DNA sequence: TGAGGCTGCCGCCTCACAAG
DNA sequence: CTTGTGAGGCGGCAGCCTCA
C-alpha cells in the first residue's frame, strides 16, 4: 500500500488507523462500490453520523436510513448501466480538521486484508473564519463539492440536518470550499461523473478531459521535446480501440481534444497504437500468487476481449507487485517523460516551447510551480477502461463526453526518478507479455470460478 | 480507342455490445 | 433500457487491365 508523501515512513495503512481516533469523528461521508455495513459500523463510533454512498444495481437514486445515525445514499445511473465505483471518505473531526481519503479499496475485509490497495490521505485544517470562494475558480474543493452532489449526498445531508443532527460540521456541501484551508493540497482531484457532458466547460470537469485539465494546471503537460510513456494498471480490462487509446493518450499529454475531434473517424481508426503499457496479471502470476486462483476474483478480463480482432495484445505487460506475490486491486496510471528519438537539445527546447502547439491554456507552464516535472501519477478508482474515463464524441466546437461510471482519484506531480520508482506499486520496468507464453488471467476459465456465465 | 469487367477503397447502414 | 462505437456487409465509384 502506498501512502501520502509525508507518511511514507509507514509502509502500510490499516483502516482502523485512517478512521482514528474514532471517538473524535463527528461526521463522515464514506463511499465505496462494495460494502460490508456490519463490519464498517464497528469501525466508527456509534454516535458518529455517517452518510454511506453505495452502488445501486438498478441505478435508482435513493436515500435510506440503514443503521442508527447512518444514511445510505445511491446516485442515479442512466438506464441502470454502469456503477458507482468511487472510494473515498471525508472524516469531520470534532476539532474542525477534515481528513480526506481517496482510495482504491472497497469497504469489505477482503480488500484490506488479502489484496493490495492504495490510499491517499490528507488532513485539511478548518479556517478560523469562512472565506469567500470564487465560484469560477476550479480546485480540489470545488471538484469535491461537485462529486458529492453527483453521488446524491445533498438529500442525505439535508435529511440528517433536519432530523437528529442539526449541528453537523458541514451544513451545506458548498461550505467545503469556504470553511476549510485547502492551500496545502498538491494533488488534483479527478472525478468521473456518470452521464453525458456537453460543451467544453462541462467536459473538462470529468473523465480523461479532467485529467488533461489537471495536468495543464500543474505543469504536467508533456514537454514538446519529450514523449509520454504511460503505464496503466488496473484490475479490469476494457474494450480498447486505437481510437480510444489515442484519445486517452492525447489527454494524458495534456493536449486538448480540440486538436483531433474534427478529424475523420476512418482516419483516426488507422492511427498506430500510442506508447501505452497496459499492466494486467498473467494467468500464471495469479496461479502462483499467495492465494492462488481463488484470489483472482477481483481481476476481470474476458476471452472475447483478448481474442478480439484489433485488440492491442502487444501492449500488455506483466503486473507484478513490489510487495511479493500478492494481487493488486490498486489502480494507477503512471506518466513519465522520455526523450524523443533524435530529440531536441536543451537550447532548442525553449524555442520550440514558444512557437509550438500551446492552445488556449496560458497558465500551464508558468510560475514557480514549474519545477520541471519528470512525470505524474494518477491513483484512484478508475480502471483503465472507456467506461471509467469516458469517450469523447461530437465536434471540436461542441464536444460530448459520455461516462458510464462514477469514479474518483487524484493526480500527483512527480519531480524525480526516485519518486517515480517509489510511487509505482509494481515492479518496474514491467515485462512485456511473451507471445505464445503469456496470457492474461481470465477468471471465467478458472476452475475456482465455475458458476460464471 | 472504347466497352466491359475486375478490384480496391470509401461511405453508409445495421447490428451488437459495453464493466466490476 | 442510454448513447456511441466498431465490425461487417453492401453498393457506388474510380482506376486499371484486357480484348475486340
Self-check item: Conditions (1) more than 18 Å from the chain's Cα centre (by Cα); (2) surrounded by 24 or more Cβ atoms within 10 Å (Cβ to Cβ); number of the one not met by residue A:220
Solution: (1)
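Can we say residue A:206 is closer than 23 Å to residue A:133 by Cβ, surrounded by 19 or more Cβ atoms within 10 Å (Cβ to Cβ) and within 15 Å of DNA strand C (Cβ to nearest atom)?
Criteria met by residue A:206.
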Quiz prompt | Elements of type helices (runs of 4 or more DSSP H) contained in the range A:257-346, each with 1 or more residues being at pLDDT 85 or above | solution = A:283-287, A:303-306
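If you take just the strands (runs of 3 or more DSSP E) that sit entirely in the range A:54-141, which of them hold at least 2 residues that are surrounded by fewer than 17 Cβ atoms within 10 Å (Cβ to Cβ) and more than 16 Å from DNA strand C (Cβ to nearest atom)?
Working: elements: A:62-67, A:70-74, A:88-93, A:98-103, A:119-124.
Output list reads A:62-67.
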Self-check item: 3 or more residues away from DNA strand B (no atom under 16 Å from the Cβ) and in contact (Cβ under 8 Å) with a residue 60 or more places away in the chain: qualifying helices (runs of 4 or more DSSP H) within the range A:166-249
Solution: A:200-203, A:207-217
Quiz prompt | Hits in the range A:212-227 (condition: in contact with a helix residue (DSSP H, G or I) (Cβ under 6 Å, 6 or more places away or on another chain) and under 29 Å from residue A:310 (Cβ atoms)) | solution = A:212
Quiz item: Which one is farthest from DNA strand B (Cβ to nearest atom), of the residues in the range A:393-407 that are surrounded by fewer than 24 Cβ atoms within 10 Å (Cβ to Cβ), modelled with pLDDT of 85 or more and within 23 Å of residue A:259 (Cβ to Cβ)?
Solution: A:399
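The values are calculated or read from the model by the stated rules, or taken from the named source; none is laboratory data. Since this is a predicted model, take the numbers as computed values, not measurements. Cβ atoms come from the backbone with ideal geometry, glycine included; neighbour counts cover every protein chain shown.
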